Each structure stands twice: as structure tokens, then as C-alpha cells.
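The values are calculated or read from the model by the stated rules, or taken from the named source; none is laboratory data. This structure is a prediction, so every number in the text was calculated from the model and none was measured. Don't worry about glycine lacking a Cβ; one is built from the backbone with ideal geometry, like all the others, and counts go over all protein chains shown.
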Amino acid sequence: MTTGAEASVAASDPAVLAVADLQFALGEGPSADAFADGRPVLVGDLARSDGRWMAFTSAALASGVTGVYAFPLAVGAVRLGVLACYTHAGHTLDGDDLRHCLLAVDSATELLLSSTDDGSPRPDPAVEESLTIRSEVYQAQGMLMVELAVSLPDALARLRAIAFAEGIQLNDLAADLVTGRRPFPEKDE
Amino acid sequence: MISVDQLPRVFVEMADTLVDDFDLVEFLHTLTDHVAAVSGAEAVGLVLADQRGSLQFMAASNASGAALELFQIQNSEGPCQDCFRTRQPVVNADLGRAETLWPAFAPRARAAGFQSVHAFPMRLRDEAIGALNLFGTSAVLFETDEVRVVQALADVATIAILQERSISRAEALTEQLQGALLSRVVIEQAKGALSRTLGVSVDEAFAVLRSRARGSRRRLSDVARDVLEDSGPPADPRGGS
């Protein structure tokens, strides 16, 4: 797993870490693209990646990695990192495998968001919540960023803290803010 | 009732877009606008299935208030959910008699002033990847030929999603769907931020975003990212750009 565009923070084994670090040493690869473009970059067969990452591909193939599946960890414009799965010996991931990866992406995103805490109360990480988040939550997040002059992650943390403290649904709180049924919270400072 | 004289222009315009480098989110919004104009529907929305099996709202001709809620609650129940599961169009549903079919959805749709609803599957071989949803304030009924026309427009949306690369791999579909869903979240965040910066409604903020993107020939999601960077606090140690 990678956060920011700087370094690997966790890997399932040393060989994987070496290949992940390679992307940063070389400044190219599927993870860097996934982070920059905000979309998954899934390459089951590196040998057929059409020279997209010349240096990385030859080094990765030399170390036995034949596929890279890089998923951005992001909430809209909030870019938290990249989760990448590496395969070897020509093994590829099918639709079910990719679904499992996406569930892991949800969990990792949730954990990273929770680490943005500013000391306010916070609900337990509820990964399933992200499945039902409605548009108004993201709109309210953008609104709160401007209103409170905080970052986007902090705006979401603030929304969740209010919802948790008042025992209401995040979707309902956001809808009330967006429609003006409820005033915006005051700045902390 | 389909307005046939507009159809050639709509298909030509969409085909023109598909051969260029295009922004998928903007394309899907434009498509829902076209479907609304051609069909006379009051609100047209498009939902995509993410690969967690959940229907996510993606684009709409009228994405405010009640209509937006109706697109979004169909993750659990409603014509989009049915049409997604069966891969068949759900047409000419009379909302006045749909209580047993959709106990939560139907009363809300009627309370919002809608009388008719239709849903068309976005089909890819033997699966469905989403649905196109039309709401009417009068009891609009589609003839068989008209059903085929609207289904063709839903198929155009599917083609747009698959167009960027050959879709022989599960990888490409996942890239496209997840990429589109993430872009939409960026756009929602920017709509919210811009509405507060400009002191306008969320819908008006969206219109501003779209016209900026068109004016500068840039992707809607890129314009949205710029808005968020410009209106956020100057430094974010966690790298949220």
C-alpha cells in the first residue's frame, strides 16, 4: 500500500515491497498512474502493456512479477494513496478477485480517513456506509470545506462527527445542509 | 411520446463525441439531457452498478431534490433495481398502482409529482452494468417502437463506457466503472464548494462547472479538481489535493 506519492507503507512480503519501491525509484508505474489519474490501473499481463512503463515493466518482469492491479484510495478529490496487488507466474485476477480487491480498497480508505481525526468524536469505521453514501454528502463536504476553511478530509470528518454526536444518518444530515433546512456549523477556532 | 425528428441529430452528436477523447461523466450528463428532450420525460437519470453490486447514481437531466433522491433510493428498491436484475426494460409503470411492487419507492415518486416511470437496462453481453431511468409528470406510455429507441439510447451509454478500450478483460470494465464513479464524487464535492463560493444553488454551480469545462475544452472532472484546489485551505499535510 502506498500513500501520497512518496513511499510504500505496507506490503505483504519483502519481494512485493521491492517491486512497489521500484515504482518510486523509477518514477513510473501503474500505482503512480492510478494515484495521478484517480482511477484503477489494472494490468494483468505486464508483458503486453505496450511500453507504457518501459523501465518499470522490464524490472518487474525480471523479478517475477507479471501483473499489477493498482487501485486509488480516494474520496473524490481527496487522494489518500494506492493499494496495489502484484501477481506472478502469469496468474491474473478475475471479476470476483477484483470485487474482493475493491472491498479491501473500501476498508483501507475508511481506515485512512479515520486517521485524519482531530479529536472530535467519531463513529466506528463503518465500511458498508460507503456503499450507500448519497451525492448530498459529497456536496455538503465541498460546502463545509469552503464554510469552515478546512481541508476536504477534515470537512468529511466534521460531518461524520456531527452525525455521530446527534445520532443521525450522515445522508440525512448532508441533505439538511444542502437544502438549507439546517445552518452550517460554526468554525472551531 | 418520442419526438422522432430530433433523433438523427442526437445520435450524430453522440457518435461525434465518441470518436474523440471525451469526458465520460459529462457525456453521460449530456445523454440524459438528450433522452429527456427526446422523450418528454421530466427527469432522466442514469445509475451504474459498482462492482460491489450496488447501484450508484451517476448522471441526470434533473438532479435536484426529489428526483435525485428517487434515483438514489433505487439501490434498494424500484424500477432500476428490477431492470438491472432482470436485464429487461421496465416500461409504462403506473405509479398509482405500484405500491405492492415498490412499497417505499412508489409513494415517494408520487409525492414528488411523478405519474409514470420507465427503466432501461444498460446491457453488456449477459450482464447489466446499470440502468437509464425516466420519470414523467403525466402518464406517458411508450409504444413498442419507442421502447426500442430509448433502449438504443441506453445502449449508447453502455458503448461510451466501454469505448475507451477493448472490453475483453474484466480489468478494463473495472477501470472504467470505478474511474467514472470516482470522477462523479469529485464533481459533487466541487458543486458543493462552488455553490458556497459563488453563493448559488448546487444546480447552478454544476451549470457553471459544465460551461467552464466546455469553454476550456477540458474534462469536467479536471475542472472540478481545480475548483477544489482553489477553494480549499492552502496547505494540507495529508496530501488531499
Worksheet, complete the sentence: The strands (runs of 3 or more DSSP E) lying entirely within the stretch B:90-164 that contain at least 1 residues which are of a type in the set (Lys, Arg) are B:116-124
Item to complete: Read through the list (1) at pLDDT below 85; (2) surrounded by 18 or more Cβ atoms within 10 Å (Cβ to Cβ), then give the number of the only condition that A:ASP50 fails.
Response: (2)
Worksheet item: Which of the following residues is farther than 19 Å from B:VAL140 by Cα and of a type in the set (Ser, Thr, Tyr): B:SER61, B:SER54?
Response: B:SER54
Worksheet item: How do the pairs read when you match residues in the stretch A:156-181 that are of a type in the set (Phe, Trp, Tyr) with residues anywhere that are modelled with pLDDT under 90, using Cβ under 8 Å and keeping only pairs 6 or more apart or on different chains?
Response: A:PHE164/A:PRO121; A:PHE164/A:ARG122; A:PHE164/A:PRO123
Discussion item. B:ILE2 - would you say it is in a loop (DSSP other than H, G, I, E, B) and more than 19 Å from B:ARG123 (Cβ to Cβ)?
Written reply: yes
Fill in: Odd one out for B:PRO107, checked against (1) within 25 Å of A:ASP172 (Cα to Cα); (2) more than 14 Å from chain A (Cβ to nearest Cβ); (3) touching a helix residue (DSSP H, G or I) at 6+ places or on another chain (Cβ under 8 Å)
(3)
Worksheet, complete the sentence: Checked pairs for the stretch B:142-161, first closer than 13 Å to B:VAL10 by Cβ and at pLDDT below 90, second outside any helix (DSSP H, G or I) and among the small types (Gly, Ala, Ser), C-beta under 8 Å and 6 or more apart or across chains, list as B:ALA157/B:GLY130
Worksheet, complete the sentence: When B:ALA172 is run through (1) within 14 Å of chain A (Cβ to nearest Cβ); (2) more than 20 Å from the chain's Cα centre (by Cα); (3) surrounded by 22 or more Cβ atoms within 10 Å (Cβ to Cβ), the failure sits at (3)
Worksheet, complete the sentence: Being farther than 17 Å from B:ALA154 by Cβ and in contact (Cβ under 8 Å) with a residue 24 or more places away in the chain narrows B:GLN81, B:GLN56, B:GLN88, B:GLN115 down to just B:GLN115
Discussion item. Taking the criterion of being assigned to a helix (DSSP H, G or I), surrounded by 23 or more Cβ atoms within 10 Å (Cβ to Cβ) and more than 7 Å from every other protein chain (Cβ to nearest Cβ), would at least one residue in the stretch B:203-210 satisfy it?
Written reply: yes
Worksheet item: in contact with a Phe, Trp or Tyr (Cβ under 8 Å, 6 or more places away or on another chain), part of a loop (DSSP other than H, G, I, E, B), in the same structural domain as A:PHE24 (by TED's automatic domain parsing) and under 17 Å from B:ALA170 (Cβ atoms), is that true of A:LEU42?
Response: no
Worksheet, complete the sentence: Checked A:GLY76, A:GLY90, A:GLY67, A:GLY95 against criteria (in contact with a strand residue (DSSP E or B) (Cβ under 9 Å, 6 or more places away or on another chain) and either among the basic types (Lys, Arg) or within 11 Å of another protein chain (Cβ to nearest Cβ) (or both)); the one match is A:GLY67
Worksheet item: Can you tell me which residues in the stretch B:223-235 are assigned to a helix (DSSP H, G or I) and at the interface with chain A (Cβ under 10 Å from one of its Cβ atoms)?
Response: B:ALA224, B:ARG225, B:ASP226, B:VAL227, B:LEU228, B:GLU229, B:SER231
Worksheet item: Got at least one residue in the stretch B:52-65 being closer than 20 Å to A:ASN171 by Cα, out of contact with any helix residue (DSSP H, G or I) (no Cβ under 7 Å at 6 or more places or on another chain), within 13 Å of chain A (Cβ to nearest Cβ) and in a helix (DSSP H, G or I)?
Response: yes
Worksheet entry | the stretch A:79-98, residues that are modelled with pLDDT under 85 and part of a helix (DSSP H, G or I) | A:GLY95, A:ASP96
Worksheet item: Taking the stretch A:145-188, which residues are assigned to a loop (DSSP other than H, G, I, E, B) and facing another protein chain (nearest Cβ under 9 Å)?
Response: A:ALA149, A:VAL150, A:SER151, A:THR179, A:PHE184
Discussion item. Residues that are surrounded by 23 or more Cβ atoms within 10 Å (Cβ to Cβ) and on the phi > 0 side of the Ramachandran plot: does the stretch B:78-88 have at least one?
Written reply: yes
